[in-house]
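Structure, as structure tokens:
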Amino acid sequence: MAMTKPMLLIVDDEKPTREGLRAALEDRYDVYIAEDAAAAMTLLERERFDVMLTDFRLPNEDGMKLIARAKSLSKPPICILMTAYGSEEVAVQAMKSGADDYLAKGRMQIDELEMRIARALKGQTLEEENVSLRQQLDSKFGLENLIGESAPMRSVLDKVRQVAPARAATVLILGESGTGKELIAKAIHQLSPRAKQPMVTVHCAALSATLLESELFGHERGSFTGAHERRIGRFEEANGGSLFLDEIGEIDASTQVKLLRFLGERTFERVGSNKTVTSDVRIITATNKNLTEMVRAGTFREDLYFRLKVVEIKLPPLRERRSDVPLLAGAFLREFSRENQKVVKSISPEAMALLTNYSWPGNVRELRAAIEGAVVLCRGDRVTPEDVQDYVRPPELGMSGPAASSTGGAFETVKDAERQLIVRALKEAEGNRTMAAKRIGMSRRTLHRKIHDYQLENL
Ligand SMILES: Nc1ncnc2c1ncn2[C@@H]1O[C@H](COP(=O)(O)OP(=O)(O)OP(=O)(O)O)[C@@H](O)[C@H]1O
Ligand SMILES: [Mg+2]
């Protein structure tokens, strides 16, 4: 690699800080400085920076928003946020806006800062090499439809690349509704040596027990009422390729037995026949049900469960990989502006913050639908908070069941963090809302709504 100095952008509105940092860092970095977000953006669009070090408090737009904007560039810099005071809430917010690291200014030592920059840079170079290698492979094999750069998503994709080449290894894909299970199943097939053969999908929940059995294994003429013709089943149709059994948690006891036998012997009989048939298929299954629970409850065979989960891929819910939200939102924005023939170029930082903070109980599917709606509603070339606000309402209070409780936790902490941020800003501004809004970098209108939502009117 060439020995040029890494490009570093320092954004701070206080001259002494700016100059102090420059003096301390300029022999190792090619240092540029900006005193506010606008100046920083101009530089970021013109040059390619490796690292941006920005203060949280900036005159017009705060450091987090700047980071969110910088991260939407095609080659984003590593972003490190500095704040005057260290606090949990700011840290949470910083990471959500896409910051790679976070430093409390008061306690900051130059050598620690340098160490952090170096560490971040090392991560990025490695990461960059991986990205370009991966992009070559992905476009060759059709993984490019799968969006996600968050750590949990990267490990999912690594696992996909790793298991796909095995010809017969059975794969079980787990995850909440809308997390992308079907997309993963397709990717595995496409990356496998079976890619040129068919991938056949069966949605197990859509069929009654009798129909499912004959759909899968085929039937002989007259084997049951309505079976007028001899029909080959999906197992035979998928011969040489892959069979994707979606919603596997829904299959009845007798189909479970037949499937278990197939996984052991690779043979079965058509319904109404005693002739044994073989098929060479790879079985991929998926479910949003908790199979372990079902095994415990006796509704799913334990032996079948173990056969299916030779390789298990767990897709994390979107709220556990919020850094993927901007990437996904951007991709869906392009998709739907094309489809609707509208020129919607970007999502405003405020709108993106709403999207990133929301808990997405319907996961990627829900986000995709929200962006489609926002594109349709959008009047200008930029998606605003007004275009998305109806899609990011918190779930109804009093909603019960597993979905509610599992989304509840994550949402609470985000909400708490935001609430506390607002409370503090209001206190610091002695109740002056315009000033408080400025401090947080929110529009006055948004702050007003949030004060109402959080019932902070009396502060
Ligand atoms: N990582 C991703 N990148 C791009 N699009 C995605 C991603 N994950 C999911 N999607 C999109 O989200 C939608 C839902 O995905 P998919 O149908 O694969 O989910 P699922 O887990 O099978 O859901 P369900 O359990 O409800 O069947 C699809 O439109 C899919 O293209
Ligand atoms: Mg599905």
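The values are calculated or read from the model by the stated rules, or taken from the named source; none is laboratory data. These numbers were taken from a predicted model, which means no experiment stands behind them. Backbone-built Cβ (ideal geometry, glycine too); neighbour counts: all protein chains shown. To get the accessible areas, we keep the full protein, side chains included, count just its heavy atoms, and leave off ligands, DNA and RNA. Shrake-Rupley method; radii C 1.70, N 1.55, O 1.52, S 1.80 Å.
Filter segment 158-182 for residues that are more than 9 Å from ligand 1 (Cβ to nearest atom) and within 13 Å of the chain's Cα centre (by Cα) and give the result. Reasoning before the result, please.
Let us first name the residues in segment 158-182 that are more than 9 Å from ligand 1 (Cβ to nearest atom), namely 158-172, 174.
Correct list: empty.
Give me the pairs, please: first residue somewhere in segment 432-453 and not assigned by TED's automatic domain parsing to the domain that holds Ala94, second residue anywhere and of a type in the set (Ser, Thr, Tyr) and modelled with pLDDT of 80 or more, beta-carbon distance under 6 Å, and either six or more positions apart or on two chains.
Once the first residue is not assigned by TED's automatic domain parsing to the domain that holds Ala94 and sits in segment 432-453, its partners that are of a type in the set (Ser, Thr, Tyr) and modelled with pLDDT of 80 or more give Arg444/Thr434.
Does Gly240 satisfy the condition of being of a type outside the set (Val, Ile, Thr), farther than 11 Å from Ser214 by Cβ, away from ligand 2 (no atom under 16 Å from the Cβ) and open to solvent by less than 30 Å² (accessible area, probe 1.4 Å)?
Values: of a type outside the set (Val, Ile, Thr): yes; farther than 11 Å from Ser214 by Cβ: yes; away from ligand 2 (no atom under 16 Å from the Cβ): yes; open to solvent by less than 30 Å² (accessible area, probe 1.4 Å): yes.
Spelling it out, Gly240 is indeed of a type outside the set (Val, Ile, Thr), farther than 11 Å from Ser214 by Cβ, away from ligand 2 (no atom under 16 Å from the Cβ) and open to solvent by less than 30 Å² (accessible area, probe 1.4 Å).
Any idea which of (1) away from ligand 1 (no atom under 16 Å from the Cβ); (2) closer than 22 Å to Ile173 by Cα is the one Asn357 doesn't satisfy?
Of the numbered conditions (1) away from ligand 1 (no atom under 16 Å from the Cβ); (2) closer than 22 Å to Ile173 by Cα, the odd one out for Asn357 is (2).
Which one of these does Glu350 not meet: (1) charged (D, E, K, R); (2) within 16 Å of ligand 1 (Cβ to nearest atom); (3) in a helix (DSSP H, G or I); (4) surrounded by 15 or more Cβ atoms within 10 Å (Cβ to Cβ)?
Just one mismatch for Glu350, condition (2).
For Glu213, state whether it is of a type in the set (Asp, Glu) and open to solvent by 50 Å² or more (accessible area, probe 1.4 Å).
Working: of a type in the set (Asp, Glu): yes; open to solvent by 50 Å² or more (accessible area, probe 1.4 Å): no.
So Glu213 fails the test.
State all residues of segment 4-39 that are under 18 Å from Leu121 (Cα atoms) and among the small types (Gly, Ala, Ser); if no residue qualifies, say none.
Ala24
Can you work out which of the residues in segment 254-283 that are without any contact (Cβ under 8 Å) to a residue 40 or more places away in the chain and in a helix (DSSP H, G or I) is farthest from the chain's Cα centre (by Cα)? Steps first, answer last, please.
Going through segment 254-283, the residues without any contact (Cβ under 8 Å) to a residue 40 or more places away in the chain turn out to be 261-262, 265-267, 274-276, 278.
Remaining after also requiring in a helix (DSSP H, G or I): 261-262, 265.
Values: Arg261: 37, Phe262: 35, Glu265: 38 Å.
Filtering first and then ranking leaves Glu265.
I need the full set of residues from segment 21-40 which are open to solvent by less than 40 Å² (accessible area, probe 1.4 Å) and in a helix (DSSP H, G or I), in order please.
Of everything in segment 21-40, those that are open to solvent by less than 40 Å² (accessible area, probe 1.4 Å) and in a helix (DSSP H, G or I) turn out to be Leu21, Ala24, Leu25, Ala37, Ala39, Ala40.
Test Glu236 against the criterion of being part of a helix (DSSP H, G or I), more than 13 Å from ligand 1 (Cβ to nearest atom) and over 24 Å from the mean Cα position of the chain (by Cα), and give yes or no. So that I can check it myself, show each step before the final result.
Details: part of a helix (DSSP H, G or I): yes; more than 13 Å from ligand 1 (Cβ to nearest atom): yes; over 24 Å from the mean Cα position of the chain (by Cα): yes.
It is true that Glu236 is part of a helix (DSSP H, G or I), more than 13 Å from ligand 1 (Cβ to nearest atom) and over 24 Å from the mean Cα position of the chain (by Cα).
Go through (1) open to solvent by 30 Å² or more (accessible area, probe 1.4 Å); (2) farther than 30 Å from Val163 by Cβ; (3) part of a loop (DSSP other than H, G, I, E, B) one by one and return the number of the condition Pro361 breaks.
Only one criterion in (1) open to solvent by 30 Å² or more (accessible area, probe 1.4 Å); (2) farther than 30 Å from Val163 by Cβ; (3) part of a loop (DSSP other than H, G, I, E, B) is unmet by Pro361, namely (2).
I'd like to check something: does segment 190-209 contain any residue that is part of a helix (DSSP H, G or I), out of contact with any Leu (no Cβ under 9 Å at 6 or more places or on another chain) and more than 16 Å from ligand 1 (Cβ to nearest atom)?
Looking through segment 190-209, at least one residue is part of a helix (DSSP H, G or I), out of contact with any Leu (no Cβ under 9 Å at 6 or more places or on another chain) and more than 16 Å from ligand 1 (Cβ to nearest atom).
Among the numbered conditions (1) more than 16 Å from ligand 2 (Cβ to nearest atom); (2) out of contact with any Lys or Arg (no Cβ under 6 Å at 6 or more places or on another chain); (3) open to solvent by less than 80 Å² (accessible area, probe 1.4 Å), tell me where Arg301 comes up short.
(3)
Only one of (1) modelled with pLDDT of 55 or more; (2) open to solvent by 70 Å² or more (accessible area, probe 1.4 Å); (3) in a helix (DSSP H, G or I) is not met by Thr413, so which one is it?
Unmet condition: (1).
Which residue, of Ala370, Ala331, Ala286, is part of a helix (DSSP H, G or I) and crowded, with 16+ Cβ neighbours inside 10 Å?
On the way: Ala331 fails: crowded, with 16+ Cβ neighbours inside 10 Å; Ala286 fails: part of a helix (DSSP H, G or I).
When all the criteria are applied, what remains is Ala370.
Can you tell me which condition Ile313 does not meet? The list is (1) open to solvent by 40 Å² or more (accessible area, probe 1.4 Å); (2) in contact (Cβ under 8 Å) with a residue 24 or more places away in the chain, and all the others hold.
Of the numbered conditions (1) open to solvent by 40 Å² or more (accessible area, probe 1.4 Å); (2) in contact (Cβ under 8 Å) with a residue 24 or more places away in the chain, the odd one out for Ile313 is (1).
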